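Working notes, beginning with the structure itself.
The values are calculated or read from the model by the stated rules, or taken from the named source; none is laboratory data. Note that the structure is a prediction, hence the values are computed from the model and not measured. A quick note on method: Cβ atoms are made from the backbone with ideal geometry, for glycine too, and the neighbour counts reach across all protein chains shown.
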Amino acid sequence: MAEWNDPRTTGVSPTATVGVPRAARDAGLRSYMLSVYNYMASGVLLTGIVALGFANSSLINLIVNPATGQATPLFWIALFAPLAIVFALSFGIQRISAGTAQALFWAYAALVGVQFSSLFLVYTGASVAQAFFATAAAFLGLSLYGYTTKRDLSAMGTFFIMGVVGLFVAMLLNLFLRSPGLNLAISALGVLIFAGLTAYDTQKIKSIYFVVAGNGEAMAKTAVMGALNLYLDFINMFLFLLRFMGNRR
């Protein structure tokens, strides 16, 4: 039996839309996707507000020691706590309420904002803005493609997910090699991989709708999970693009 939160089993059943007028299905899908995008965009906005708030005030001293330039315990909390939130959402989504899932999503976005405030110490403000707007433009185009294409992107998604694992291994390896060339290659591949995942995840979210349509609680939860997936695609594409084209201070 298909699980609505399992991306491997979200194909649309032939009977999923029997007796439902096409116009109603389309209106329901648009409303569902709009809620996903609203969550995702609000999360990005919250991350940006928190990052700018810390970077442009004395709050930055809470995550970077001004005397030594070293990260404080709060920075490490902000770095690892989001991982715990992702695991809690991924493995516990069926046991928590939609409201709890939303609260965890907002908490995740705020903690990432705390992390991102340190980017303004490394890169120029113009570089951060340039990378952000380039990412936003690419995201819109790729997500639109994933939403409208008739092509099944499942095989592509599997390939890109494997690519994420490869990126992680390469980044760990480069911690020891410290190769500028490898670092540049990792950044370029990271942009391409998360660009592909943006299209794949959008199509996956669209397919999930037809599985959960009519179940209000499930729709609310999957909207949050879909927003989290797209949010992760966006911020990772942004980070790799910033590494690739950003000017350091």
**Fill in**
Across the range 72-117, the tally of residues that are closer than 22 Å to Phe54 by Cβ, touching a residue at least 60 places away in the same chain (Cβ under 8 Å) and small (Gly, Ala, Ser) stands at 4
**Prompt:** When you go through (1) under 16 Å from the mean Cα position of the chain (by Cα); (2) surrounded by 19 or more Cβ atoms within 10 Å (Cβ to Cβ) one by one for Val164, which number turns out not to apply?
**Reply:** (2)
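Only one of Leu192, Leu197, Leu175 is surrounded by fewer than 16 Cβ atoms within 10 Å (Cβ to Cβ) and at pLDDT 95 or above. Can you tell me which?
Leu192
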**Prompt:** Is there a residue in the range 146-165 that is in a helix (DSSP H, G or I), small (Gly, Ala, Ser) and more than 20 Å from Ser207 (Cβ to Cβ)?
**Reply:** yes
**Message:** If I filter the range 91-113 down to residues being exposed (fewer than 12 other Cβ atoms within 10 Å of the Cβ) and part of a helix (DSSP H, G or I), which single residue comes out as nearest to the chain's Cα centre (by Cα)?
**Reply:** Phe91
**Prompt:** Of the residues Gly53, Gly48, which single one is surrounded by 14 or more Cβ atoms within 10 Å (Cβ to Cβ), in contact (Cβ under 8 Å) with a residue 24 or more places away in the chain and closer than 30 Å to Tyr147 by Cα?
**Reply:** Gly48
**Request:** Find all pairs meeting these conditions: Cβ atoms under 7 angstrom apart; at least six residues apart or on different chains; first residue within the range 224-249 and over 26 Å from Ser97 (Cβ atoms); second residue polar (S, T, N, Q) and outside any helix (DSSP H, G or I).
**Result:** Asn247/Thr124; Arg249/Thr124
**Message:** Which pairs turn up if I take residues in the range 170-184 that are touching a residue at least 24 places away in the same chain (Cβ under 8 Å) and part of a helix (DSSP H, G or I) and look for partners that are surrounded by 12 or more Cβ atoms within 10 Å (Cβ to Cβ) and not hydrophobic (A, V, I, L, M, F, W, C) with beta carbon separation below 9 Å, at least 6 apart in sequence or on another chain?
**Reply:** Asn183/Asn174; Asn183/Arg243; Leu184/Arg243
